[in-house]
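> Please see the structure below; I have some questions.
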Amino acid sequence: MGIKFDEKKNYYIVSYHRRHPVTREAKNISRRGIKTKAEAEKIYKELIIKLSEKFNENLHPLWPEIVARFLEYYANCGNAKNTVKNYKQCIEANTFHIWSKKRINEFSTGEIRDFIQEDLSKFSEAHRKSMLKILRAVFRYAVEQNIIPRDPCPKLKFKKNEKIKKMLTEDEIRILLNKAREENHEWFYVWALACYTGLRNGELYALKWESVDLKKRIIYITHSWNKINGFKETKSGDDRVVEIAPSLLPILIELKEKTTDDFVLPRIRDWETGTQAKPLKDFLKSLNLPLIRFHDLRASWATIMLSKGIEPIKIMSMGGWKDLKTMQIYIRKSGINIQGITNSLNFL
């Protein structure tokens with residue numbers, strides 16, 4: 001036992017020595033000036049616990065610490081800044097208030113299952129599925145770093161959510177663009193290009209004149225943009241070609257004559273700050289049209305194209321979709337999958 005009595009100074013010295021179970025680094029902790037042997041024995045037990053806790057801190061960090069390590073690692077792996085930011089915000093908002101004092105080795109599969117199914121029950125299936133994906137990424141990082149032996153995340157099934165938000169019909173888009181042009185709205189050119197091409201918000205913002213061939217009526221989509229990552233490659237990572245509709249051509253020619261900038265579309269303050277949905281909703285509200293998100297202009301384009309009989313494979317190619325399942329949502333929304341099936345019915 002590490003208890004010694006110093007006769008000259010007339011007090012006990014208590015010390016405890018132990019090697020780290022993983023690194024084998026020796027650690028020593030001691031206390032001096034203890035008056036009685038009983039008190040020395042009590043302090044000796046406290047030192048054992050304290051040093052064990054210290055080792056445990058290094059072996060099994062608290063949840064916030066392991067999250068911080070994971071996010072740094074995740075960012076260094078080349079993931080987009082906005083993805084890292086979304087992970088950070090999601091983890092902190094949903095878990096820090098309940099797991100801030102919990103160590104990474106203390107999680108059980110049942111606890112995480114209850115968290116996803118019960119604590120997050122007020123959220124959508126998509127949100128819970130996303131949260132489980134993020135948690136699994138953190139725990140797998142801890143496994144790879146030999147901090148825990150296994151990933152405790154459960155295997156859960158989520159309902160497939162194939163609903164999409166409101167969209168505008170062809171007539172409603174016609175009203176939107178004609179009214180915006182009539183009022184010389186600053187967003188007219190942006191909305192027009194979005195409705196005619198189905199380009200994503202970031203692809204519209206990053207579009208330069210060097211990628212537009214007015215003679216061939218072709219636009220080359222090579223880059224995208226967001227306020228966190230700045231300019232980068234497209235979402236899929238692939239370049240693609242978009243056809244310019246004949247009625248869009250004079251609008252682009254008019255726009256080219258107006259601008260001296262390298263960018264096709266005007267730089268609008270709300271667009272640069274990522275609040276492009278608000279002016280669209282405000283204008284739609286003034287016209288008594290369905291209130292949709294900016295991204296839903298893309299969905300509206302896809303559904304209208306499908307309703308006109310354009311082959312889905314061509315729409316996927318121009319819109320930059322790789323997943324046929326996503327396109328199936330628009331096919332069902334447009335109704336082309338059931339067109340004509342009742343033509344032979346004649347009960348009366």
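> Counting only residues that are under 23 Å from the mean Cα position of the chain (by Cα) and within 19 Å of Lys278 (Cβ to Cβ), how many does segment 176-223 have?
6
> How do the helices (runs of 4 or more DSSP H) wholly within segment 34-114 filter down when requiring 2 or more residues that are over 20 Å from Gln145 (Cβ atoms) and at pLDDT 90 or above: which remain?
81-99, 109-114
> Further question: Within the set of pairs 6+ apart or on separate chains, which have a first residue in segment 199-217 that is aromatic (Phe, Trp, Tyr), a second that is in a helix (DSSP H, G or I), and C-beta atoms under 8 Å apart?
Between residues of segment 199-217 that are aromatic (Phe, Trp, Tyr) and residues that are in a helix (DSSP H, G or I), the close pairs are Tyr205/Trp271; Trp209/Lys256.
> Tell me, yes or no, whether segment 112-122 has at least one residue that is of a type in the set (Val, Ile, Thr) and over 21 Å from Lys88 (Cβ atoms).
Checking segment 112-122: not a single residue is of a type in the set (Val, Ile, Thr) and over 21 Å from Lys88 (Cβ atoms).
> Let me ask something else about it. Return yes or no: is Gly320 at pLDDT 85 or above and at positive phi?
yes
> Within segment 263-284, restricting attention to residues that are within 23 Å of the chain's Cα centre (by Cα) and of a type in the set (Val, Ile, Thr), which residue is surrounded by the most Cβ atoms within 10 Å (Cβ to Cβ)?
Thr275
> Could you name every one of the helices (runs of 4 or more DSSP H) located completely within segment 147-224 that has at least 2 residues being of a type in the set (Phe, Trp, Tyr)?
Counting at least 2 such residues, we get 188-197.
> Now a separate question. Applying the selection to segment 285-315, what residues are surrounded by 18 or more Cβ atoms within 10 Å (Cβ to Cβ) and in contact with an Asp or Glu (Cβ under 9 Å, 6 or more places away or on another chain)?
Leu289, Ser300, Ile304
> Oh, and also: Any residue in segment 318-346 that is within 24 Å of Val242 (Cα to Cα) and in a loop (DSSP other than H, G, I, E, B) sitting within a Cβ distance under 6 Å of a residue that is among the charged types (D, E, K, R) and modelled with pLDDT of 70 or more? List the pairs, counting only those 6 or more apart or interchain.
Pairs found: Gly320/Arg240.
> Identify, please: which residue in segment 145-176 is among the acidic types (Asp, Glu) and either exposed (fewer than 12 other Cβ atoms within 10 Å of the Cβ) or touching an Asp or Glu at 6+ places or on another chain (Cβ under 6 Å) (or both) and is, among those, modelled with the lowest pLDDT?
In this case the residue turns out to be Glu162.
> For segment 233-243, what are the residues that are touching a Phe, Trp or Tyr at 6+ places or on another chain (Cβ under 7 Å) and not in a loop (DSSP other than H, G, I, E, B)?
The one that is touching a Phe, Trp or Tyr at 6+ places or on another chain (Cβ under 7 Å) and not in a loop (DSSP other than H, G, I, E, B): Val241.
> Going residue by residue through segment 244-267, is there one that turns out to be at pLDDT 90 or above, of a type outside the set (Ser, Thr, Tyr) and in a strand (DSSP E or B)?
Looking for residues that are at pLDDT 90 or above, of a type outside the set (Ser, Thr, Tyr) and in a strand (DSSP E or B), one finds at least one in segment 244-267, hence yes.
> Among the listed residues Phe115, Phe188, identify the single one that is free of Cβ contacts under 8 Å to residues at least 24 places away in the same chain, surrounded by 14 or more Cβ atoms within 10 Å (Cβ to Cβ) and assigned by TED's automatic domain parsing to the domain that holds Trp225.
One residue alone meets the criteria, Phe188.
The values are calculated or read from the model by the stated rules, or taken from the named source; none is laboratory data. Everything quoted here is computed from the prediction, not taken from an experiment. Virtual Cβ from ideal backbone geometry, glycine too; neighbours counted across all protein chains shown.
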